[in-house]
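Take a look at the structure below.
The values are calculated or read from the model by the stated rules, or taken from the named source; none is laboratory data. For clarity, every value in this text was computed on a predicted model and none was experimentally measured. We place every Cβ from the backbone using ideal geometry, glycine too, and count neighbours over all the protein chains shown.
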Amino acid sequence: MSQKKVPAWRKTAVATVALSMLAGSATGLAASAKDRDDDHGKGKVKVQYNFNFKDLNENQWAYKFIIRLVANDVFKGYVDGSFKPNNKVTRLETIISAVRMLGLGAEAEKPENVNAKLNFKDFKEFKKKFPQAAGYVKVALEHDLFSEYEKEIQGEKPASRLWASVLLVKALKLDEEAKAKMNVQLPFRDAKQIPAGSVGYVAVAIEKGLVSGYTDRTFQPNKPVTRAELSAILSKVGLQLPGQEQKDGVVQGVVQTNANGTLSVKKADNTVVNLTLNADVFVFRNGVKVAAAALQAGDQLWLRVVDGKVIFIEVTKAGQTPAPAPVTSTDVGKVNQFTLNTNGTGVATLSLSKDVNGTPTTIVYNVAANVVIEGTLAANANVVLTIENNLVTKIQVLPQ
């Protein structure tokens, strides 16, 4: 009995559905290259970013991290307007996210990578199910994100805390540091559940702040990672990746001025750029969403610019708050008496006599250790005092 030939359109439809499940509603990852280029190569279109998810609010612990990844074109929400932060992520989702965080999404979507043949045991089955994802796996493999011992992709398997930690330490090119820490003692009650060959990677992941243990002193290496947790880890990876300035749309620098919807930022090479803020720009300081007006000179920033406007800002290090201007005043009167400091080398206090609205008044001032005295200070001398923040900083003795 001959097999019925499957029409080409049906094969294409199956592939498209698989891709949409991978890159769209089923995973919430950023859309595929095809999804992002709606004009089919006729010209660039503006990328649309949706930051409003019906199941997210500013009070949720991972809110900043999620918004950052959406702005960085790594994640997007589901078609129903949700983000589903508590959904578990698969290994394939983690691989795609890491590749995009590295700025290699376009490379992964090149035809020669999409059509590549890889030596994983399950590649044939994987390719049938996710034909457009092979490029991401190939790029991840070329950038050493896989362990040399991995024989299968296992794309649909939930990504564990251990597996994700190893992959993302590799993304930061910290293999040598990890190998140097293979014999450290991890501070977890369940440390024996972590394979010996992964101990160094976990140690580095903790040292770099990518992951942490739980309050019960466990690491729970086999626990699946959620979308919210992956957002947090990837955000921390993104801030530590070298060459961020080379990524399209990323600016890092120090605030010079902030006025009238324009931010002046000095980059590491000392060039200053003036950036226009999007009307709905997201600004995070200390993990809390704030108004753009809260940005001040000296703040170190990580910014995402899309279509010529800043859509996301994170204060990575707050600038020094300017010291308040000193409150300066003067007073004129006659020295009643003064006391010396404990060493007998300087004036500690000065009692000034004067008339206030016809009433004899005595005021006692504390004197700064570095006070400047012009003339010879003595009882009954007429003086002009300069006072800053309630301390006498200068005593001018007037001629008798």
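Remarks
- Residue check, ALA116 modelled with pLDDT under 95, surrounded by fewer than 16 Cβ atoms within 10 Å (Cβ to Cβ), more than 30 Å from TYR214 (Cα to Cα) and assigned by TED's automatic domain parsing to the domain that holds THR90: no
- Here ALA268 meets the list (1) aliphatic (A, V, I, L, M); (2) part of a strand (DSSP E or B); (3) under 27 Å from MET101 (Cβ atoms) almost entirely, failing just condition (2).
- Only one of SER198, SER165, SER160 that is in contact (Cβ under 8 Å) with a residue 24 or more places away in the chain, touching a strand residue (DSSP E or B) at 6+ places or on another chain (Cβ under 7 Å) and of a type in the set (Gly, Ala, Ser): SER160
- Which numbered condition ALA232 fails, given (1) out of contact with any helix residue (DSSP H, G or I) (no Cβ under 6 Å at 6 or more places or on another chain); (2) surrounded by 13 or more Cβ atoms within 10 Å (Cβ to Cβ); (3) of a type in the set (Gly, Ala, Ser): (1)
- Some residue of region 266-276 being under 17 Å from the mean Cα position of the chain (by Cα) and surrounded by 13 or more Cβ atoms within 10 Å (Cβ to Cβ): yes
- Which numbered condition ASP216 fails, given (1) loosely packed, with under 15 Cβ neighbours inside 10 Å; (2) outside any loop (DSSP other than H, G, I, E, B); (3) not polar (S, T, N, Q): (2)
- Among the residues of region 122-152, those identified as under 21 Å from ALA106 (Cα atoms) and part of a loop (DSSP other than H, G, I, E, B) are PHE130, HIS143, ASP144, LEU145, PHE146.
- Flag if THR94 is modelled with pLDDT of 85 or more and of a type in the set (S, T, N, Q): yes
- One residue alone among ALA259, ALA279, ALA228, ALA294 is in contact (Cβ under 8 Å) with a residue 40 or more places away in the chain and among the small types (Gly, Ala, Ser), and that residue is ALA228.
Each row is one residue, and each column tells you yes or no for (1) in contact with a Leu (Cβ under 8 Å, 6 or more places away or on another chain); (2) closer than 17 Å to GLU93 by Cα; (3) not β-branched (Val, Ile, Thr).
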site	(1), (2), (3)
GLU112	no, no, yes
ALA116	no, no, yes
ASN119	no, no, yes
ALA133	yes, yes, yes
GLU156	yes, yes, yes
LEU174	no, no, yes
GLU177	no, no, yes
VAL204	yes, no, no
ARG217	no, no, yes
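- Residue check for PHE338: of a type in the set (A, V, I, L, M, F, W, C) and either surrounded by fewer than 14 Cβ atoms within 10 Å (Cβ to Cβ) or not assigned by TED's automatic domain parsing to the domain that holds LEU391 (or both): no
- Selected residue (only one of SER160, SER147 is within 22 Å of GLU229 (Cβ to Cβ), among the polar types (S, T, N, Q) and touching a Leu at 6+ places or on another chain (Cβ under 9 Å)): SER147
- Every listed requirement among (1) without any contact (Cβ under 8 Å) to a residue 40 or more places away in the chain; (2) surrounded by 12 or more Cβ atoms within 10 Å (Cβ to Cβ); (3) outside the structural domain of ASN286 (by TED's automatic domain parsing) is met by LEU350 save one, (1).
- Condition broken by GLY261, with the remaining ones in (1) at positive phi; (2) touching a helix residue (DSSP H, G or I) at 6+ places or on another chain (Cβ under 6 Å) satisfied: (2)
- When region 305-327 is filtered for residues that are surrounded by fewer than 11 Cβ atoms within 10 Å (Cβ to Cβ) and part of a strand (DSSP E or B), only LYS317 remains.
- Residues of region 171-193 satisfying the condition of being buried (at least 18 other Cβ atoms within 10 Å of the Cβ) and either farther than 20 Å from GLN220 by Cα or touching a strand residue (DSSP E or B) at 6+ places or on another chain (Cβ under 6 Å) (or both): ALA171, LEU172, LEU174
- Taken over region 213-265, residues that are polar (S, T, N, Q) and either within 30 Å of LEU167 (Cβ to Cβ) or within 15 Å of the chain's Cα centre (by Cα) (or both) amount to 11.
- Any hit, region 245-264, residues being among the charged types (D, E, K, R), outside any loop (DSSP other than H, G, I, E, B) and at pLDDT below 95: yes
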